[in-house]
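Below is one structure, written out as structure tokens, with a few remarks after it.
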Amino acid sequence: MKLYENGAYLINGVDLVEDTGDVAQAVAAKTGSAPDKEAAKKGTMAYSILTSHNTSGNDKDLKIKFDKMTSHDITFVGIIQTARASGMTEFPLTYVLTNCHNSLCAVGGTINEDDHMFGLTAAQKYGGVYVPPHQAVIHQYAREMMAGCGKMILGSDSHTRYGALGTMAVGEGGGELAKQLCGRTYDVKMPPVVAIYMTGKPRVGVGPQDVALAIIGKVFKCGYVKNKVMEFVGPGISNLSADFRIGIDVMTTETTCLSSIWRTDDKIKEWYDIHGRSEEYAELNPAAVTYYDGVVEINLDEIKPMIAMPFHPSMAYTIDEVNANLKDILHETEERAKVSFGDKVQYSLQDKVVDGKLYVEQGLIAGCAGGGFENIMAATDILKGKYIGSDKFTLSVYPASTPIYMEIIKNGAAATLLETGAILKTAFCGPCFGAGDTPANNAFSIRHATRNFPNREGSKVQNGQIASVALMDARSIAATAANKGFLTSAEGFEGFKPYQYHFDSTIYENRVYDSKGVAHPEVELLEGPNIKPWPAMTALTDDVMLKVVSEIHDPVTTTDELIPSGETSSFRSNPLGLAEFALSRKDPNYVPNAKEVQAVEKARQAGTSPMEDAGFKAAYEAVQKQFPNVDPMNTAIGSTIYAVKPGDGSAREQAASCQKVLGGWANIAHEYATKRYRSNLINWGMMPFLYDGDDKELPFALGDYVFIPGIRKAIEEKAEEIKAYAVKNGALTEFVVKLGDLTDAERDIIKAGCLINYYRG
């Protein structure tokens, strides 16, 4: 695999010419004319789709209106509540509400099913589509029933990726979906486009997760495709089935790219034909001469079965490499654990080595990445005639939708899998975020799923628990299961058979509620006792006084660490209830620290001077020596966290909104891991400050105050640099923060205090 240091021209979809030396002459030799780089940039599939959905009239600053949207039961309540509070009366576009995350209805009494009833009545009242629990995971339903070549879909889940089907899809926080529901736009600068140029053909036993992990391992750490579009081109694509492409595509999220798009061909046409939606197919290709801002060149022949060791999908090795260097790689993993867990738990993998081989306790093939038809059938071929044994190792398989489940029942694969000792379960995303199949303490799980972040599998460090997950392809998971839990590569397995998939939409026709876009305002919206509206939030004042309530120096902080996944997801319809869990697995002191600051702010709003609080009194006295006109009664008080690079992972807006409802006004970071987390901060009225200084010599520390005079004016005037002052021991230390690029609307949202206030005017 090769990353180009420069951009490149792609000629007729086949020949790459890197933008070095006399590139004009090289391109002219192939095309007969000198290239026009700006015109060639418009030759990407991404450019064509983005501009066709742009309403700004400017191809540099886009204002996108999507064709369709989708959300699941962790996110749709908050989104609809935000849109209702902002004035929405009906859904202005197709909006599908799936129920694949809190499907078990097993935590917190009635609250999960209450959310489902809210979703059903919302679809009826506002004109949406409701997919009941266990019918399909969000992304499989979108593939089967929503995708279309040249279309754009916005989803409130980070793995909203349907590029293999010719659909540009973006996963964002709930605020961005609320904007679409309110008739507004998704505002983004035209993103750079990177070619993912494929040649060759996968080896026998190599699956889509193997290719995906190889790509993630190559590009994540260097940020090669961060906030860019990955455009899949090259002759190698023709050697991949539709399901194989989908399996790679869904994992592009883990590269931190903005979106993805693939060229389409007869295999994608056949996919649409099978699903009864032939009219949604169109052939997509780059122009005859297309310029890309970068290139990832992949020879599929060279990809081997992979494993992403804990605790990130980018920790990618070949399975052969792990087996050959087992102790060294396990030691590296243990050292990584110390970064995330410190001394909170004792973590060792050495007991997983049995007779020189790695023994794992659990295997899972699940969700939007693993639960596809071809993955399950390949695993079935490997396991046929085998059994998983009666020791610790277990295997669970989750088909991604009921139609897939129906097919494997009809063709006999379900019985074959059950005979091995595997368990078949319904369509459910729980294994991907810690709401199902949480391993035993210290257990090691291998999963064809999307993520393996710390604690994402459901363990609780604060309770002394730890488990870990490695990501693998379904084929090698099956090979490991056939070997009764000892890590085994599927490379070279000779028993794979071709299978024809028959999609049966009957279950959807009989069970899914589809309004056909017709709203029924007379329907009563059912709101269970856990469903609460967003609390009132105030506008930004001229100056702001912040207190640093958490300080995180990990290289990357995930959204799972900012707001834990797992059973806490059940509380996501209750903003204040969920906020009690904010940073609980990373910094248990965050919530009480934030609440102390918020209490002072609430008292200020009620007419009590912040000078009544000893800490703020000392801070203001120090500030007033240099800024005598500062009035504590007219200065917003809030909390902030410092993190090196926060926001990797999920699109869940609650990673930001929980901070906001606890009185947060800002984050301070060296960079933001994803656009979606930064957008979530902005939509909840929080300032996404950037600090360029040394992480080891910050001007402030946990418990210190940060005063920012004239912040509202700085935002209005689009100041590139903003002076801030760390307040400590009666003295002020000046430093500089930046806000980066903000649209005019984003500036207004921050000044208003949140998206809801902005829409209310």
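Could you let me know the centre-to-centre spacing of the range 219-238 and the range 697-761, using Cα atoms, in angstrom? About 35 Å separates the Cα centre of the range 219-238 from the one of the range 697-761. Each principal axis of the Cα atoms in the chain has its own extent, and those three values, largest first, are 79, 67, 61 angstrom.
What shape does the range 338-458 take by its C-alpha gyration tensor, where a ≥ b ≥ c are the square roots of the eigenvalues and a/c under 1.5 counts as rounded, a/b above b/c as prolate, and the rest as oblate?
Oblate, since a/c reaches 1.5 and b/c is not below a/b.
A cut-off of 5 Å between modelled amide H atoms, ignoring neighbours fewer than 5 places along the same chain, links residue 490 with 476. Comparing Cα centroids, the range 55-76 and the range 118-160 end up 14 angstrom apart.
First measure r as the distance between the Cβ atoms of residue 441 and residue 670, then evaluate 1/(1 + (r/R0)^6) with R0 = 30 Å and state the FRET efficiency to the nearest 0.05.
Working: r = 34 Å, r/R0 = 1.15.
Step by step, r from the Cβ atoms, then E = 0.30.
Hey, with R₀ at 60 Å, roughly what FRET efficiency would residue 58 and residue 331 work out to, going by the Cβ-Cβ distance, to 0.05? It comes out at approximately 0.70. Each peptide in 284-290, 305-311, 269-275, 653-659 was scored by the mean count of other Cβ atoms within 10 Å over its residues; highest first, the order is 653-659, 305-311, 284-290, 269-275.
I need the shape label for the range 1-152. Rule: rounded when a/c is under 1.5, else prolate if a/b > b/c, else oblate, with a, b, c from the alpha carbon gyration tensor. Prolate, since a/c reaches 1.5 and a/b exceeds b/c.
As a test, work out the antiparallel percent of DSSP beta bridges whose residues both lie in the chain, rounded to the nearest 5. Don't skip to the answer; put the middle values down first.
Numbers: 42 of 104 bridges.
In the chain, DSSP labels about 40 percent of beta bridges as antiparallel.
Once you reduce the range 291-366 and the range 436-504 to the center of their Cα atoms, the two points are 12 Å from each other. Most simply put, the range 629-761 has about 55% antiparallel DSSP beta bridges, counting only bridges with both residues inside it. Treating the angle as unsigned and between 0 and 90°, give the value, to the nearest 10°, between the Cα long axis of helix 208-219 and the longest Cα principal axis of the chain. With rounding to tens, the tilt is 40 degrees. Scaling the Cα radius of gyration of the range 488-641 by the globular reference 2.2 N^0.38 Å produces a ratio of 1.72. Relative to the dominant Cα principal axis of the chain, helix 326-341 is inclined by about 30°. Counted by neighbouring Cβ atoms within 10 Å, the residues 100, 182 run from fewest to most as 182, 100.
Evaluated at q = 0.14, 0.26, 0.27 Å⁻¹, a Debye calculation over the C-alpha positions of the range 339-410 (equal weights, vacuum) places log10 I(q)/I(0) at -0.65, -1.18, -1.22. Rounded to the nearest 5, the antiparallel percentage of DSSP beta bridges internal to the range 94-184 is 10%.
Taking R0 as 41 Å, what FRET efficiency do you get between residue 734 and residue 348 from their Cβ-Cβ distance, rounded to the nearest 0.05? If you can, show how the numbers build up before the last one.
Numbers: r = 46 Å, r/R0 = 1.13.
Plugging the Cβ-Cβ distance into 1/(1 + (r/R0)^6) gives 0.35.
For the chain, the longest principal axis of the C-alpha atoms and the axis of helix 76-85 are separated by about 40°.
Computed from the coordinates by the stated procedures, all read-outs in this text should not be read as laboratory data. Values in this document were obtained by computation on a predicted structure and should not be read as measured data. We place every Cβ from the backbone using ideal geometry, glycine too, and count neighbours over all the protein chains shown.
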